[in-house]
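Below you'll find the structure, written out as structure tokens, and then a few comments.
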């Protein structure tokens, strides 16, 4: 009897020891994989914050026309209205900013007047075409940097990134790619280390971006790397930071930035890792996708906080904020790439 009790005791001790060893190994593997992962640039709290002049940054988001498809079929009243995904608003809010919509048909004078009161602009993804507005915004940002050495960041996502390229050339540069509903790691170019966007990224964040499928792609057209280098007008202004390949091996530009101004183009959708949960979309909702999305917006808003543009009064701010407009739930549409959409009446 004593022998059997001793045997059972030793078996339990051995199992517990093996279990602890396995758990220890697993914990060590997770612990040392990306131990210094952070959503902030390495120089953020030592250098960047010293240049902040604005703790209430306001960002403009360009709204585009609601063209058609299932959305207008289910909501006929939306036809001809302007819109953008609420995920872009939430993304800005998540790091302490507020949003003002910029209608697609806003006049040049009114747009320039508005740009002098806000601290940056997002050119969002979607199915519109707001090249006229984007061109004015890009020219404004470059002028602010070159002539006044002031930062006015512009961030183009998916369609917005394509428009940043399109307004620099008279040539057709978009080519069909098999890249819809793909999540990919990014492939950095040699320009990453000295770039505005990734130059001060923590090394663990760089490893995450290179190893994890953190970039969600929802585009049917792309700017091919080979086409970019054949266009001197594009090479003059932009630097390629990351590239990717579609299912058929076509090499396209996934991230780029302006050589002289805080202007960035991302063919992928960081914001969807945080705020879009359609199970039919292969969006990376892991902590790694979340941290990368936070990093991108921290860099962008870190620049916006260095811009001193402002409205004349709090009343003027309230009259322009996005909150006065309706937003609709689109998550019940099985093929929707949005959870919510802000609807902005045309001017």
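Can you give the extra length, in nm with one decimal, that the chain gains between residue 110 and residue 290 once fully stretched, where that is 0.36 nm per residue apart less the Cα-Cα distance?
On the way: separation 180, 0.36 × 180 = 64.80 nm, distance 3.59 nm.
Between residue 110 and residue 290, full extension yields 61.2 nm more.
For each of 52, 311, 216, count neighbouring Cβ atoms within 10 Å of the residue's Cβ, then give the residues from fewest to most. Listed from fewest to most nearby Cβ atoms, that is 52, 311, 216.
Please report 33, 111, 205 as a ranked list, fewest other C-beta atoms within 10 angstrom at the top and most at the bottom.
Numbers: 33 12, 111 19, 205 24.
Listing 33, 111, 205 from fewest to most nearby Cβ atoms yields 33, 111, 205.
Quick one: angle between helix 2-33 and the longest Cα principal axis of the chain, in degrees between 0 and 90, rounded to 10, please. The two axes meet at around 20 degrees.
Springs join every pair of Cα atoms under 10 Å in this Gaussian network model of the chain, and among 185, 270, 101 the largest mean-square fluctuation is at 185.
DSSP beta bridges confined to the chain are antiparallel in about 70 percent of cases. With neighbour counts taken as other beta-carbon atoms within 10 Å, the residues 157, 344 rank, fewest first, as 344, 157.
GNM remark for the chain: springs join alpha carbons under 10 Å apart, and the peak mean-square fluctuation among 257, 271, 203 falls on 203. Between 0 and 90 degrees, the angle of helix 287-304 with respect to the longest Cα principal axis of the chain falls at about 30 degrees. With respect to the chain, whose longest principal axis is taken over its alpha-carbon atoms, helix 131-148 is tilted by about 80°.
Quote the relative contact order of the range 58-344 in percent (integer), defining contacts as alpha-carbon pairs under 8 Å separated by 6+ residues. Walk me through the numbers on the way to the answer.
Working: 591 pairs, mean separation 66.6, N = 287.
It rounds to 23 percent for the range 58-344.
Which entry in [x] 20.4, 60; [y] 20.2, 65; [z] 23.2, 95 matches Rg and Dmax of the Cα atoms in Å derived from the coordinates of this structure? Recomputing Rg and Dmax of the Cα atoms in Å here picks out [z]. In the elastic network of the chain, a GNM with C-alpha springs shorter than 10 Å, the most mobile of 162, 267, 251 is 251.
Taken along the Cα-to-beta-carbon direction at a fixed 7 Å, the label points for residue 143 and residue 328 span 3.6 nm. Rounded to the nearest 500, the 222 nm mean residue ellipticity of the chain from helices alone is -11500 deg cm²/dmol, with -39,500 (n - 2.57) taken per DSSP H run of at least 4 residues.
FYI, it's all coordinate maths here, none of it is from the lab. Predicted model, so just to flag it, every value in this text is computed and none were measured. With ideal geometry, Cβ positions are generated from the backbone for all residues, glycine too; neighbour counts draw on all protein chains shown.
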